[in-house]
Structures are given as structure tokens and as C-alpha cells.
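The values are calculated or read from the model by the stated rules, or taken from the named source; none is laboratory data. Just so it is clear, the model here is predicted, and its values are computed rather than measured. Don't worry about glycine lacking a Cβ; one is built from the backbone with ideal geometry, like all the others, and counts go over all protein chains shown.
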Amino acid sequence: MRKKIILPTIIVLILVVLLKPVIIFAQSQLDSSNYSIVDPEINNGGSISESSNYSLLNALANPFSEARTLSTSYEMKTGFPNGILANVPIIRCAETSTISGTTQCSYFPNANGAIGECGTPGCYNRAKVEIDSQNNPLDTLYIVKLINNKNNQIYYLQSDHSISATLGVEDLLTKCSIEGRDANDPACDTNADAAWDVGLQRYNIFSLVPNTSYTVSIAAINGDFTQTRFSDTKTFSTVNMSISLDLDIAAIDSESNGPYRINLGTIPFTKVTTATNKIWVDISTNAINGVNVYVKDLNNGLYGAIGNETIPSENEDLAIDPNSNGGFGLKISSYNQSSLGPLLPGTVYNTSGSSIVGAVSTTPQIILFTNSNSGNQGQIASGRASISLMARSSVQHKTDLVSDTLTFICLGNF
């Protein structure tokens with residue numbers, strides 16, 4: 001019996017699909033299995049990059065656009081203009097009442113902080129600001145902005161170093177013009193540069209209000225359309241206008257407390273008597289044009305009530321006593337200061353001979369001063385002077401007890 005063997009038939013169907021190329025215009029759509037982006041724009045040189053895993057649309061934004069992401073601790077910048085921006089500067093210091101050892105400024109001509117420039121207790125109408133340029137070119141211009149913290153009024157540093165609520169092109173200044181010098185600019189380190197100014201090296205912001213807090217920040221510009229944001233701020237405070245006058249009575253340079261009395265002892269007519277104790281005068285001030293210290297007396301000399309007699313106060317050499325009537329007067333023995341000034345003696349009492357004195361009277365006379373026409377600075381820190389008292393009697397004087405009252409007056413020129 002023949003068996004019929006049925007063999008399985010395998011039919012292999014080969015389908016050939018001809019795919020017609022489809023052109024996808026990037027300007028029309030961008031598709032994937034999950035999404036479709038309609039009308040993507042890739043102007044200014046954009047393109048599409050594709051692989052088996054992704055399609056990437058490369059688009060160039062406006063090359064002149066600017067985008068920044070800011071926080072209190074960083075700044076991220078993109079876009080063409082940011083590539084040519086100046087670096088944001090840093091305020092190295094903003095000071096009015098610092099001393100040596102506390103100053104953040106890199107340079108003061110008197111090397112004793114702001115007090116070394118403005119006098120004790122500091123600056124009442126000016127301040128010192130220094131810029132850390134953050135490697136900006138030497139011709140970079142800066143805008144200095146100040147805010148009065150009492151009323152929130154905004155001011156800008158002007159070309160004459162005063163402050164104003166308005167800002168002009170002329171008020172954009174280089175570091176050298178702001179500070180009077182620039183350690184990175186060889187020309188500005190000497191007076192060969194027009195911007196070199198020793199006065200601005202002491203203080204460079206003027207017309208401030210006394211006893212007021214200010215916040216200062218700085219922006220930089222290096223070319224057109226390149227102004228940076230304003231820098232982090234620093235705060236400083238001006239002090240009040242101040243004069244400090246103190247008197248001491250002592251044989252040597254030392255401090256003492258009142259009541260202030262000097263005993264001349266016996267005053268013979270045969271020789272000059274010099275009091276053992278001296279009058280020591282301390283003077284400090286931030287008065288920009290200095291101070292005058294005046295002295296006056298009550299009796300135009302040493303008066304004795306019992307005999308109603310006066311040993312007159314006269315400008316003379318008591319050792320000679322040319323009019324033979326005795327005499328009484330004052331003589332500057334020493335004068336100095338720790339900085340600024342200098343402290344100078346009044347002409348009447350700045351005598352050369354050991355027994356030559358200047359007269360005191362009921363009309364005030366200048367005995368010490370800090371302002372002069374010789375270019376010295378009026379402000380002073382720790383001025384100190386000593387004054388000697390001398391007298392001589394005469395044969396005619398019968399009074400046993402004589403006295404006088406001296407008054408010292410200090411007037412500032414703010």
C-alpha cells in the first residue's frame with residue numbers, strides 16, 4: 001500500500017517595498033514618533049542634526065541679543081555683547097574714619113588711614129574710594145554711584161569729584177582720574193600725567209553730608225554698549241564736624257585734671273620768675289581749613305586787689321625790663337602733632353630769647369593755629385603744645401598777692 005506523503009509547503013513571500021524619498025523642510029516641521037514641531041525657525045545659519053536616536057534642531061538666536069542669569073553670588077552671560085563687556089569692578093575701599101591697621105585702601109599719602117588725611121575723628125564731608133579694576137584696560141571708564149541711606153537719594157560722582165543726582169558723559173572717569181594715581185599705569189604714578197593728583201590720593205569724593213551713611217557701587221565701561229552691572233556695594237559713614245581742645249597743667253608732658261591753677265611763687269624785681277608747671281594744649285580737628293586757638297586774660301596782667309596794682313602784661317624781654325615796671329607774659333615752649341597740620345605758634349608768643357614773652361590782654365590773641373598760607377593742611381591729629389608763664393615785679397609794686405585768669409578759645413574754619 002502506497003502511502004501518500006504530504007510535504008509541508010513553505011511559501012516564502014518576499015515583498016519589495018520601494019520607498020520614495022520624502023523631503024522634510026526644516027522650516028515647516030520637525031517630527032518624531034512622539035511629537036511634531038511645526039514651523040521651527042533656524043535662521044542665521046541654523047540646521048538639523050539627526051541620528052538613529054534623536055533629531056536636534058540647531059538654531060542661532062539674534063547674534064546681538066543679550067541674556068543674563070543673575071544671583072547674589074554669580075552672573076551667567078550669553079550673547080554677543082557680553083563677550084566684549086568690561087569686567088565688573090570691585091570696590092577695594094570706601095573710608096572716612098579708618099586708621100593705620102584698619103584701612104582697606106592700598107594707598108594714603110599720610111599712611112594713617114582716613115583719619116590721617118581728614119584729621120580726628122575722620123572725614124565729615126568727603127571720603128576715599130579705591131577701585132580694583134579686575135584687569136580692565138587702563139582706558140576703562142567708571143561710574144561711581146552713591147546712595148544716601150537716610151533718604152535713599154541716588155547720586156553720581158562728578159568730574160569735579162562732587163556728587164550730583166545727574167550723570168553726564170563727562171562724569172565717566174578712569175581709575176587714574178578718580179584716585180589721582182594708578183599703580184598699573186606708569187604715567188599716572190608721577191606728576192607727568194595730568195590726572196596725577198596728590199589731593200585725590202587723600203580723598204576723592206566731596207560735598208557729602210556730615211553724620212550720614214552712604215552706600216557706594218561702581219560700574220565699568222570699555223567701549224560703546226559695554227557698561228557692566230554695578231558692583232557689590234560698600235558702606236561708609238561721614239562723621240560730625242569736630243574740634244577737640246584739652247588743657248593740662250604739669251611740669252612735664254602728661255595729662256591732668258582741673259581745677260587748672262599755676263603758682264608762680266615769689267615774683268622778685270631782681271630777676272625773671274618762670275612757673276614750674278606749664279600749660280599743655282591738645283588740639284585735634286577735622287576742619288578742612290583748620291583752627292585758631294586764642295588766649296585772653298581778665299586783667300591785662302597780674303592784678304593785686306589789696307594794693308589795687310597790676311604787673312602789666314607786655315611784649316618784652318623781661319630780663320631787661322626796659323621800662324622798669326616789671327611784666328608778665330606767655331611763651332610757646334614746644335609744639336608738634338602726630339599727623340596733618342602742622343600745629344604752629346602765634347607770632348606774638350613765638351619768641352626766640354629765653355626771657356622774651358608775648359602779652360595777654362582782654363582782647364583775644366592767636367596763640368596756636370593750624371591754617372596758614374603756606375599750603376599746610378588745616379586738619380590735625382593729636383596736636384600738642386606747651387606754654388610757659390613768666391613774670392617780673394618792680395620796685396614800685398607793694399601788693400603781696402597778684403593773680404590773673406586766662407581763657408583759651410578755639411574756632412574752626414569748616
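Some notes on this structure:
- Residue match in the stretch 352-369 (condition: farther than 21 Å from SER284 by Cβ, within 36 Å of the chain's Cα centre (by Cα) and free of Cβ contacts under 8 Å to residues at least 60 places away in the same chain): no
- Across the stretch 90-115, the number of residues qualifying as farther than 22 Å from PRO210 by Cα and among the charged types (D, E, K, R) comes to 1.
- Subset of the stretch 92-125 that is within 17 Å of GLN379 (Cα to Cα) and among the hydrophobic types (A, V, I, L, M, F, W, C) - its residue that is surrounded by the fewest Cβ atoms within 10 Å (Cβ to Cβ): ALA111
- Residue count for the stretch 242-261, restricted to those that are surrounded by 16 or more Cβ atoms within 10 Å (Cβ to Cβ) and part of a loop (DSSP other than H, G, I, E, B): 1
- Reported count of residues in the stretch 97-136, each being under 16 Å from LEU157 (Cα atoms) and touching a Ser or Thr at 6+ places or on another chain (Cβ under 8 Å), is 5.
- Residue in the stretch 273-286 that is assigned by TED's automatic domain parsing to the domain that holds ILE147, under 33 Å from the mean Cα position of the chain (by Cα) and surrounded by 20 or more Cβ atoms within 10 Å (Cβ to Cβ) present: no
- Identity of the residue in the stretch 187-238, out of contact with any Ser or Thr (no Cβ under 7 Å at 6 or more places or on another chain), in contact (Cβ under 8 Å) with a residue 24 or more places away in the chain and within 23 Å of ILE380 (Cα to Cα), that ends up surrounded by the fewest Cβ atoms within 10 Å (Cβ to Cβ): VAL198
- Scanning the stretch 220-241 for residues that are part of a loop (DSSP other than H, G, I, E, B) and modelled with pLDDT of 95 or more gives PHE230, SER231, ASP232, THR233, THR238, VAL239, ASN240, MET241.
- Residues in the stretch 305-325 that are under 50 Å from the mean Cα position of the chain (by Cα) and assigned to a loop (DSSP other than H, G, I, E, B) were compared, and the one that is farthest from THR399 (Cα to Cα) is ASN315.
- The lone exception for THR266 - which of (1) more than 30 Å from THR140 (Cα to Cα); (2) among the β-branched types (Val, Ile, Thr); (3) buried (at least 16 other Cβ atoms within 10 Å of the Cβ) it fails: (3)
- Enumeration of residues in the stretch 146-184 that are of a type in the set (Lys, Arg) and surrounded by fewer than 19 Cβ atoms within 10 Å (Cβ to Cβ): LYS150
- Some residue of the stretch 307-322 being in contact with a Lys or Arg (Cβ under 9 Å, 6 or more places away or on another chain), closer than 30 Å to ARG126 by Cβ and at pLDDT 95 or above: no
- Identity of the residue in the stretch 162-189, among the acidic types (Asp, Glu) and not in a loop (DSSP other than H, G, I, E, B), that ends up modelled with the lowest pLDDT: ASP189
- Test: LEU343 is out of contact with any Cys (no Cβ under 8 Å at 6 or more places or on another chain), in the same structural domain as ASN292 (by TED's automatic domain parsing), surrounded by 15 or more Cβ atoms within 10 Å (Cβ to Cβ) and aliphatic (A, V, I, L, M): yes
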